[in-house]
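Okay, structure first, notes after.
The values are calculated or read from the model by the stated rules, or taken from the named source; none is laboratory data. Remember, predicted model here, so these are calculated numbers, not experimental data. Here Cβ is always computed from backbone atoms with ideal geometry, including for glycine, and neighbour counts include all displayed protein chains. Side chains included, ligands, DNA and RNA excluded: accessible areas come from the protein's heavy atoms. Shrake-Rupley method; radii C 1.70, N 1.55, O 1.52, S 1.80 Å.
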Number of protein chains: 2
Amino acid sequence: MSDLLERLRGRGWRMTAQRRVVAEVLAGDHVHLTADEVHARAVAKLPEISRATVYNTLGELVSLGEVLEVSTDKRAKRYDPNAHRPHHHLVCAQCGAIRDVHPTGNPMSDLPDSERFGFTVSDVEVTYRGICPNCAKA
Amino acid sequence: MSDLLERLRGRGWRMTAQRRVVAEVLAGDHVHLTADEVHARAVAKLPEISRATVYNTLGELVSLGEVLEVSTDKRAKRYDPNAHRPHHHLVCAQCGAIRDVHPTGNPMSDLPDSERFGFTVSDVEVTYRGICPNCAKA
DNA sequence: GCTTGACTTGGACAATGTCCAGCATGGGGC
DNA sequence: GCCCCATGCTGGACATTGTCCAAGTCAAGC
């Protein structure tokens, strides 16, 4: 995790308490938090941190490619710190739980040129939906 | 399209002017509208229709399986009337344009049991991202 | 330890969506 | 064809998520 902080510093980031806290929150074992959840956890560590700062910082992390924005079908965007290993998502349609998954094959190669309509395709996002074991039990 | 109205009537829908208008809007050649766009077009045909009704109707159509909710990364959900033919989406990262595409292969079979974590997986959604010809030109 | 410009703050605002109490009306039963 | 009433609609208040900005603060190079 501190390697993330190092990378950011190397990129000319000014290292503030707020940014450190946001990075720490994302690096925790809680994956796929919403911006609001990130804010809530950040406040726990640094009470005066503002919502705007959390949004800004998340946005910066995303554009630096350190964090991915994931939009499953919930209302809020979620942030995925696991940006350096390509992976897809498995979402519980009931409780909204998200797991990272690593399918075999490359969906990119499943899109023939005739289906690209002149687009320059650079990325694929795959979301599997289903019911998680917990919800299935209930 | 009138077949949609028939199907809905068959399911016990009360056929009101508002619902007809929403169905007509979705059936037009404008695919992937946001709820707000649907509302705007509906108002053009039936000035007094309220936002709440449009949201309600869209929600009902979705739970009846007549229309799909698509969340690309934009803020607003979009509604896809093409619910009866499985397909995926190609989104322009710049202007947000969306096209339906039909990849070869079935991503569902790319998810081994070991990667399902006990979920009952029922659905896959694939979103390709890139730059559309128009934006590439600009 | 100064200085400076990048960062943060808090609050206002915007966009999207939900809810509700009360009114309107489609369509079955006559 | 007409009535009735459950179902649907309305408009507006509210909730949630996200963006913007002016003014104050602080990290880091000197």
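Run B:I98 past the list (1) in the same structural domain as B:P133 (by TED's automatic domain parsing); (2) surrounded by fewer than 17 Cβ atoms within 10 Å (Cβ to Cβ) and report the number of the one that doesn't hold.
It fails just one condition, (2).
Given the criteria near DNA strand D (Cβ under 9 Å from one of its atoms), more than 13 Å from the chain's Cα centre (by Cα) and either crowded, with 16+ Cβ neighbours inside 10 Å or within 11 Å of chain B (Cβ to nearest Cβ) (or both), does A:V91 qualify?
No: the conditions fail for A:V91.
Looking at (1) more than 10 Å from chain B (Cβ to nearest Cβ); (2) within 17 Å of the chain's Cα centre (by Cα), which is the one condition that is false for A:D113?
The failed condition is (2).
Filter segment A:94-115 for residues that are part of a helix (DSSP H, G or I), touching a strand residue (DSSP E or B) at 6+ places or on another chain (Cβ under 9 Å) and among the acidic types (D, E) and give the result.
Selection gives A:D110, A:E115.
Residues in segment B:23-39 that are open to solvent by 40 Å² or more (accessible area, probe 1.4 Å), near DNA strand C (Cβ under 10 Å from one of its atoms) and among the β-branched types (V, I, T): how many?
Residues flagged as open to solvent by 40 Å² or more (accessible area, probe 1.4 Å), near DNA strand C (Cβ under 10 Å from one of its atoms) and among the β-branched types (V, I, T) within segment B:23-39 amount to 0.
Among the residues of segment B:1-22, which ones are open to solvent by less than 60 Å² (accessible area, probe 1.4 Å) and touching a Ser or Thr at 6+ places or on another chain (Cβ under 8 Å)?
B:R19, B:V22
Considering segment A:35-56 alone, what residues qualify as being within 11 Å of DNA strand D (Cβ to nearest atom) and either in a helix (DSSP H, G or I) or within 23 Å of A:Y128 (Cα to Cα) (or both)?
Scanning segment A:35-56 gives A:A35, A:D36, A:E37, A:V38, A:H39, A:A40, A:R51, A:A52, A:T53, A:V54, A:Y55, A:N56.
What number of residues within segment A:57-82 satisfy the criterion of being within 9 Å of DNA strand D (Cβ to nearest atom), open to solvent by 30 Å² or more (accessible area, probe 1.4 Å) and touching a helix residue (DSSP H, G or I) at 6+ places or on another chain (Cβ under 9 Å)?
Qualifying residue count for the region: 4.
I'm trying to understand the selection: among the residues of segment B:4-41, which are among the charged types (D, E, K, R) and under 27 Å from B:S71 (Cβ atoms)?
B:R7, B:R11, B:R19, B:R20, B:E24, B:D29, B:D36, B:E37, B:R41
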